[in-house]
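The values are calculated or read from the model by the stated rules, or taken from the named source; none is laboratory data. Note that the structure is predicted; figures quoted are calculated from it, not measured. Using ideal geometry, Cβ is built from the backbone for each residue, glycine included, and neighbour counts are taken over all protein chains shown. Protein only, heavy atoms only, side chains kept; ligands, DNA and RNA dropped before computing areas. Shrake-Rupley method; radii C 1.70, N 1.55, O 1.52, S 1.80 Å.
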Amino acid sequence: MAKDTDYGAFMEKFVLQQSSSARELPLNSLTFAVKDIFDVDGYVTGFGNPDWARTHPAATSTAPAVLAVLRGGATCVGKTVLDEMAYSMNGENKHYGTPKNPCAPDRVPGGSSSGSAVAVGAKLVDFSLGTDTGGSVRIPASHCRILGFRPSHGAISTTGVIPMAQSFDSVGWFARDPMILNRVGRVLLQLPEVDPVIPSQIIIAEDCFQLSTIPSDRVTEPLLKSVNKLFGGDLVKHAVLGDYVKEKLPSLKQFMIKGNVDQEYNIPSLAALASAVQLLLRYEFKNNHGEWISTVKPDLGPGISERVREALRATDENLDVCHSVKTELRAALNVLLGDFGVLAIPTVPGPPPKLQSDQIPLEAFRAKASSLQSIAGVSGFCQVSIPLGMYDNLPVAISLLAKHGSDGFLLNFVEILYDTLQEEVGIAEQKGY
């Protein structure tokens, strides 16, 4: 396989398409790649690890999400590399190599849907499918300067997708073009074409932007100016999300441990949300894969082997509290946003880390990133990561969230906003921002 020409994004290449139809299909002439966590009939689903591939037979059917976009007229051109067992946000894989970040070659591409993001960022395909449990679409989208969409939890079937943690697993997708992002989303979500709705409010989570090492004005100003141009500035509100979450989620007290409160670089209530995610994620991961890991003893790379070992020690303690936290956060954010409100946060807390960084300095980045990812993860809200150009020659992104079930609204909003937003990004970059 010519890895140098495909940025190391692909596990294997093939061409898969439905027999052509006379009627015009929404995804006609578009190509896509699929993360090697989705079943494709006749191919082994490798899950990022050669021991997994060696011990599992070829799939005998194709995942419904893949079938949906094939039936929509798109052509699949191959399967992409991912982090082992989808258990990392870096995108590095010691067995199959790390897909090369097309906009920052000395930086990680983000994971675990690394190859899918790189394939889109490098213009090898028009869109790609990934999965997102704790940020595995949103983070690589940000790092590779492309659009990434995590839908409302449960909105798209995860049948035929190797599970990681079912309470959070979501099928997501990447694109460079907001129209393609929207068209793919309408096929996957089985949404009718509807007229766009103007948001009722856009809430800037001020404290979340303070987590980022990129100046908050560089991230928020293009959005504020674009909204002002398109809809008027009255839509914009500001909130301290961490205080709101702490006040509205009584069950979160269980996770407001000293370690979270003492993290100077984090927001205590959001760090507590991330702790609840980790507890439930580890327990479900162990239930899904613990027996296979104990039996096969797979060769796992640095960082991942430690996380897997920790997951194998998980117990069911406090699981009921995790589910209470999920219910409370969704209710609280429903009240905050209303039907057509949008919440703006940074996708990640800074530029992509350097390749092969030491694990310890990465911890602060990972902790803050997990806090940001946990907002949609715990609430089940839909979230889109939108590229905002480059700062210091490294990619910048912002995320917009909308309430569970508002995926079509959010996809339409991104399409309306995108061109004006990119114009404002260009102005910010010219200012030397």
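Observations
- Where a residue in the stretch 75-89 is on the phi > 0 side of the Ramachandran plot and modelled with pLDDT of 95 or more and its partner, wherever it lies, is assigned to a loop (DSSP other than H, G, I, E, B) and of a type outside the set (A, V, I, L, M, F, W, C), with Cβ under 7 Å and at least six apart: Met85/Gly48; Met85/Asn49; Ala86/Gly48; Ala86/Ser112; Ala86/Thr133; Ala86/Ser136
- Checking Gly405 against (1) closer than 19 Å to Asp83 by Cβ; (2) assigned to a loop (DSSP other than H, G, I, E, B), the condition it does not meet: (1)
- Of everything listed in (1) open to solvent by less than 10 Å² (accessible area, probe 1.4 Å); (2) without any contact (Cβ under 8 Å) to a residue 40 or more places away in the chain, the single unmet condition for Ala117 is (2).
- Taking first residues from the stretch 301-326 that are closer than 18 Å to Leu273 by Cα and partners that are polar (S, T, N, Q) and outside any loop (DSSP other than H, G, I, E, B), the Cβ contacts under 8 Å between residues at least 6 apart in sequence or on separate chains come to Asn318/Gln254; Val321/Ser251; Val321/Gln254; Ser324/Ser251; Val325/Ser251; Lys326/Ser379.
- Asn228 without any contact (Cβ under 8 Å) to a residue 12 or more places away in the chain, open to solvent by 80 Å² or more (accessible area, probe 1.4 Å), in a helix (DSSP H, G or I) and within 21 Å of Ile345 (Cβ to Cβ): yes
- Where Ala367 falls short, out of the listed (1) open to solvent by less than 20 Å² (accessible area, probe 1.4 Å); (2) not in a loop (DSSP other than H, G, I, E, B): (1)
Table: residues versus (1) open to solvent by 20 Å² or more (accessible area, probe 1.4 Å); (2) out of contact with any strand residue (DSSP E or B) (no Cβ under 8 Å at 6 or more places or on another chain).
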| site | (1), (2) |
| --- | --- |
| Ile37 | no, no |
| Gly42 | yes, yes |
| Arg54 | yes, yes |
| Ala59 | no, yes |
| Val69 | no, no |
| Gly73 | no, yes |
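- Near pairs, Cβ below 8 angstrom, 6+ apart or cross-chain, from the stretch 184-200 (outside the structural domain of Ser29 (by the TED database)) to any residue that is part of a helix (DSSP H, G or I) and modelled with pLDDT under 95: none
- Among the numbered conditions (1) open to solvent by 20 Å² or more (accessible area, probe 1.4 Å); (2) modelled with pLDDT of 95 or more, the only one that Glu264 does not meet is (2).
- Odd one out for Ser374 among (1) of a type in the set (Ser, Thr, Tyr); (2) open to solvent by 30 Å² or more (accessible area, probe 1.4 Å); (3) within 16 Å of the chain's Cα centre (by Cα): (2)
- Within the stretch 27-52, the set of residues being more than 24 Å from the chain's Cα centre (by Cα) and in contact (Cβ under 8 Å) with a residue 40 or more places away in the chain comprises Asn28, Ser29, Pro50, Asp51.
- Complete set of residues in the stretch 306-337 that are modelled with pLDDT of 95 or more, open to solvent by less than 50 Å² (accessible area, probe 1.4 Å) and not in a helix (DSSP H, G or I): Ala314
- Unique match (being among the hydrophobic types (A, V, I, L, M, F, W, C), under 28 Å from Ser305 (Cβ atoms), assigned to a helix (DSSP H, G or I) and outside the structural domain of Ala311 (by the TED database)) among Met85, Met89: Met85
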